Every structure is written in C-alpha cells, then in structure tokens.
1. Pop a pseudo-label 7 angstrom from the Cα along the beta-carbon direction at both Val50 and Val94 and give the gap in nm to one decimal.
2. Whose amide H sits under 5 Å from the amide H of Ser143, counting only residues 5 or more places off or on another chain, with H placed in the peptide plane?
3. Taking θ = phi - 60°, what integer Hz values does the Karplus form 6.51 cos²θ - 1.76 cosθ + 1.60 yield along region 135-141, in sequence order, with x for Gly and Pro?
4. Hey, what number do you get for the chain at 222 nm if only DSSP H runs of n ≥ 4 count, each worth -39500 (n - 2.57), divided across all residues, to the nearest 500?
5. Percent relative contact order of region 78-161, based on C-alpha pairs within less than 8 angstrom and at least six residues apart?
6. Using a 7 Å offset from the Cα along the Cα-to-Cβ direction at both Gln124 and Leu30, what is the distance between the two label points in nm, to one decimal?
7. Using only Cα atoms, locate the centre of region 152-167 and the centre of region 130-146, then give the distance between them in Å, rounded to an integer.
8. By count of other Cβ within 10 Å, fewest leading, how are Val129, Val167 ordered?
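Here, each number is a calculation from the coordinates, and none is a lab measurement. Keep in mind that this is a model prediction, so the values were computed, not measured. Because the Cβ atoms are built from the backbone with ideal geometry, glycine has one as well, and the counts that use them run over all protein chains shown.
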Amino acid sequence: MRTLVDSEAAVTFPRLKKTVGRALDGIANLCLAAAGIMLVFLIAIFGWLVFGRYVLNNTPTWVEQASLLLVVYITCLGAAAGVRGNTHLSIDFVREGMPEPLRTIFRYVADLFVIAFGAFMAYQGWGLVMTNLERAIPMIRLSESWRAAPLVICGGLIVLFSAANIVSRILGNDSDEGN
C-alpha cells in the first residue's frame, strides 16, 4: 500500500534531480561565460601590447604576465565545464566497443579516475596557493597564489561534476551514452 509520503517523494525526487542538474549546468555555463569574458580581455590586452609597441613605441610589460594568468583561468574553467558537458578530451572507442555490462563498469571507472584527478589537482593546487602567498607575480604585483587558485577551483568542480555524472547514472539518467 502506497502512502502519502511515498507519492510526495515520487513527485519531489524528479523535481529535485532536475533542480540540481540545472544548478550544475548553471555553474558550468558560468565557468564558460567567465572564460569567454577573460578571452575577450586577453585579446584586448594583446591589442594594447601591439598598439603600445608599434604605435606608441612603449611596450606595456605587464601584458605578458597578465596573459599567462588569464590563460590558466580560461583553460581551467573550460576544462571543468567540459567535464559537466561530457565534452572533455577522452578516448573511449575501446570502452564503447565493449558489451553493455563492461561498458557501464568502465564508465564508472572512468568517472572515478576523473574524480581522483580532480581531487589531486585541488589538493596540490591548494598547496601551491598556500606556499606562494608572499611571492608576487612580476610586473602585475599579484600574489603567485592567483596562478594556482584555478587549479583548486577546477579540481573541485571536476570532482563535483564527475560525482554528479555517477549519481545521475546510478539514478537511471545515462546521459553520456556516446561518451
């Protein structure tokens, strides 16, 4: 006999799953938007570099260090969003050629490896953040920790998104059929 609590849970659970999925998609989209804005800024500062060097005959020396910092953020945010959207670099033709039970097992194994990688990246990145607080990046005078911070952010997001992939698969949303 089904109770009122069971029917409420049956209605609430899919709604919760959809809400969490939308929130995670929103975080991934925010990562992509931030990376896109940083990419536009990167292009603009390189334009300033060329203008300063060839028109003003006064090269802005801070552009090199600022661009290196921006590239790290752009790459890490894009990589984290790629894990959420299952568009990250993967070689899966061997896994996808296997029979279904093995394919499913290897999807979990792949996600567990990605979680381990993300956790390692976040842990080691945190160590770099903490050990470089006092060192300044030449020319822009920000702490070197700003270079390592994207590793922590990206690693944490990779763990979150990969864990969400596993939970989604367990709950019956095998959305990575081709991945």
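1. Using points 7 Å along Cα→Cβ, the separation is 4.4 nm.
2. When sequence neighbours closer than 5 places are left aside, the close amide H contacts are Ile137.
3. Coupling constants for region 135-141: 8, 9, 6, x, 6, 10, 6 Hz.
4. -27000 deg cm²/dmol
5. So the answer I get is 35 percent.
6. 2.7 nm
7. A separation of 27 Å, based on Cα centres.
8. Ranking Val129, Val167 by Cβ neighbours within 10 Å, fewest first, gives Val167, Val129.
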